[in-house]
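**Q** Here it is: the structure, laid out below.
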Amino acid sequence: MPLSRSTAWCSPEAIDQVAAVMAVTPAYLSSVATFYDMLETHPRPPHNDVYICTNISCSLLGADELFDAMVGAAAGDSTVHVSSFECLGACDIAPMASVNGEYIGPLEPGDCGQIVEDLRAGRPVLESKQLRFRRSVDPGVSAGNEEFVVSEDDRNDT
């Protein structure tokens, strides 16, 4: 199964070395490293990252329920790391998530089981809801009377 992270982390030795190069104290650099969710300060096994946006737009549209459903869907699977995230900056697809760096949404709690299943199988996650395949931020945009669909050729060009 492809995982998004290796065992990379900010070791104390690396923090000391980078602090020396940047002419700051190791304590200052450690405070920066521990502030950001996407930096690790201890080794972790490789895993898939699922960040659920919980900022205001996503929250108003059900992010708390989505987060709870995602935690439940991933329960007992040590290869899926679920975390809330203050803002992923994609309010137009709220509620949304970043799964291994792929923005998906809008999501419903029922999508969470499929996300975990796709991750376990090594498949693209909810491809129909991936931001990069959307022609418009408005999901109601249509071509004629049919919903606008991105062809397989278009997907390969992205």
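**Q** For region 8-76, taking Cα atoms only, what is the radius of gyration to one decimal and the Dmax to the nearest whole Å?
**A** For region 8-76, the Cα-based Rg and Dmax read 16.7, 45 Å.
**Q** Would you calculate the separation in nanometres between label points at Ala20 and Ser59, each defined as 7 Å from the Cα along the Cα-to-beta-carbon direction?
**A** The answer from the label model is 4.4 nm.
**Q** Would you mind getting me the FRET efficiency between Tyr28 and Cys87? Use the beta-carbon distance for r and R0 = 25 Å, nearest 0.05.
**A** Between Tyr28 and Cys87 the formula returns 0.50.
All of the numbers you see were taken from the coordinates with simple rules; none came from a lab. All of these numbers come straight from a predicted model, not from anything done at the bench. Cβ: placed from backbone, ideal geometry, glycine included. Neighbour counts: every protein chain shown.
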